[in-house]
1. Pairs only if they're at least six apart or on different chains, beta carbon under 7 angstrom, first in the stretch 77-92 and within 16 Å of Cys36 (Cβ to Cβ), second of a type in the set (Ser, Thr, Tyr) and buried (at least 16 other Cβ atoms within 10 Å of the Cβ); list them, first residue then second.
2. Go through the stretch 181-206 and give me each residue that's touching a Ser or Thr at 6+ places or on another chain (Cβ under 7 Å) and free of Cβ contacts under 8 Å to residues at least 60 places away in the same chain.
3. I'm told Ser115 meets every condition in (1) away from the ligand (no atom under 12 Å from the Cβ); (2) out of contact with any Lys or Arg (no Cβ under 8 Å at 6 or more places or on another chain) except one. Can you identify the failing condition by its number?
4. Can Ile23 be described as within 14 Å of the ligand (Cβ to nearest atom) and either over 16 Å from Val105 (Cα atoms) or assigned to a helix (DSSP H, G or I) (or both)?
5. Conditions first: (1) modelled with pLDDT of 95 or more; (2) surrounded by fewer than 18 Cβ atoms within 10 Å (Cβ to Cβ); (3) in a loop (DSSP other than H, G, I, E, B). Asp7 passes all but one, so which condition is the exception?
6. Based on this model, can you work out whether Ala17 counts as within 12 Å of the ligand (Cβ to nearest atom), aliphatic (A, V, I, L, M), touching a residue at least 12 places away in the same chain (Cβ under 8 Å) and outside any strand (DSSP E or B)?
7. For the stretch 119-137, which residues satisfy the criterion of being more than 8 Å from the ligand (Cβ to nearest atom) and either closer than 16 Å to Pro94 by Cα or buried (at least 23 other Cβ atoms within 10 Å of the Cβ) (or both)?
8. Working only within the stretch 51-101, note down all residues that are within 16 Å of the ligand (Cβ to nearest atom), assigned to a helix (DSSP H, G or I) and under 21 Å from Gly135 (Cα atoms).
Amino acid sequence: MEMRGADEEKLFSPSAARNAAAITNVLGPVLKPAACVLEIGSGTGEHGEAVCGLRPDIQWVPSDPDEVSRRSQAARAGEIEGLQAPLDLDVSVPGWTHGLPKHDVLVCCNVIHISPWAVAEGLARGAADILEQEGRVFLYGPFLEGAKTAPSNLEFDASLKSRHPDWGVRALEDVISLFARNGFQLENRIDMPANNLALIFSRTAT
Ligand SMILES: C[S@@+](CC[C@H](N)C(=O)[O-])C[C@H]1O[C@@H](n2cnc3c(N)ncnc32)[C@H](O)[C@@H]1O
């Protein structure tokens with residue numbers, strides 16, 4: 001649940017406030033000096049703000065198909081070094097990368113479970129287009145891992161499906177297969193607080 005700030009444009013998400021430091025810690029080492037980052041489904045824009053706060057050398061472009069979210073991201077953009085104006089990107093639209101420059105890292109937190117699978121497919125396909133050869137994909141969120149799945153993630157999956165039949169916590173193996181079909185391998189998997197994972201994908205060696 002997102003809350004409105006005093007300036008009526010900036011949104012604040014309690015979960016983003018809780019996980020921003022943990023995400024910044026694991027994402028920081030993935031970002032080479034002066035890295036160009038594109039974030040998909042940036043929501044309130046707090047993750048970009050947190051990372052840019054520690055890494056003034058990088059350029060971080062937030063995005064979202066939702067206009068209210070983009071206004072929140074735009075309100076943050078002017079306030080911190082490196083945080084750029086948001087783009088209107090819907091990764092389920094074929095060719096969403098058209099006209100965009102290459103980036104070093106594609107970041108996507110808490111999006112692919114709360115949208116249809118076509119969004120994950122568009123994300124992986126777009127990553128292949130938009131990333132530099134040495135680029136990385138950084139995915140964060142809950143995942144299903146068979147019998148190892150945390151009960152809280154099973155409950156979350158059921159509640160997402162009750163809200164929309166095409167939503168749901170994704171199986172880690174399906175996400176790894178999807179990125180493999182698009183030329184990426186899982187380079188690192190990091191256990192995060194509250195039964196979330198951070199996944200880092202790099203291009204499969206050819
Ligand atoms: C649960 S919020 C996560 C926001 C933020 N990344 C975070 O972790 O706090 C999901 C976001 O995904 C965005 N989204 C939904 N469908 C999308 C799509 N097809 N392409 C890009 N973003 C999408 C929503 O507008 C929303 O801002």
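1. Pro86/Ser42; Pro86/Ser63; Leu87/Ser63; Leu89/Ser63
2. Listed by number, the residues that qualify are Gly183, Gln185, Glu187, Asn195.
3. (1)
4. Yes, satisfied.
5. (1)
6. Values: within 12 Å of the ligand (Cβ to nearest atom): yes; aliphatic (A, V, I, L, M): yes; touching a residue at least 12 places away in the same chain (Cβ under 8 Å): yes; outside any strand (DSSP E or B): yes.
Yes: the conditions hold for Ala17.
7. Of everything in the stretch 119-137, those that are more than 8 Å from the ligand (Cβ to nearest atom) and either closer than 16 Å to Pro94 by Cα or buried (at least 23 other Cβ atoms within 10 Å of the Cβ) (or both) turn out to be Ala120, Glu121, Ala124, Arg125, Gly126, Ala127, Ala128, Asp129, Ile130, Leu131, Arg136, Val137.
8. Val51, Cys52
The values are calculated or read from the model by the stated rules, or taken from the named source; none is laboratory data. Predicted model, so just to flag it, every value in this text is computed and none were measured. Positions of Cβ are generated from backbone atoms using ideal geometry, with glycine treated the same way; all protein chains shown enter the neighbour counts.
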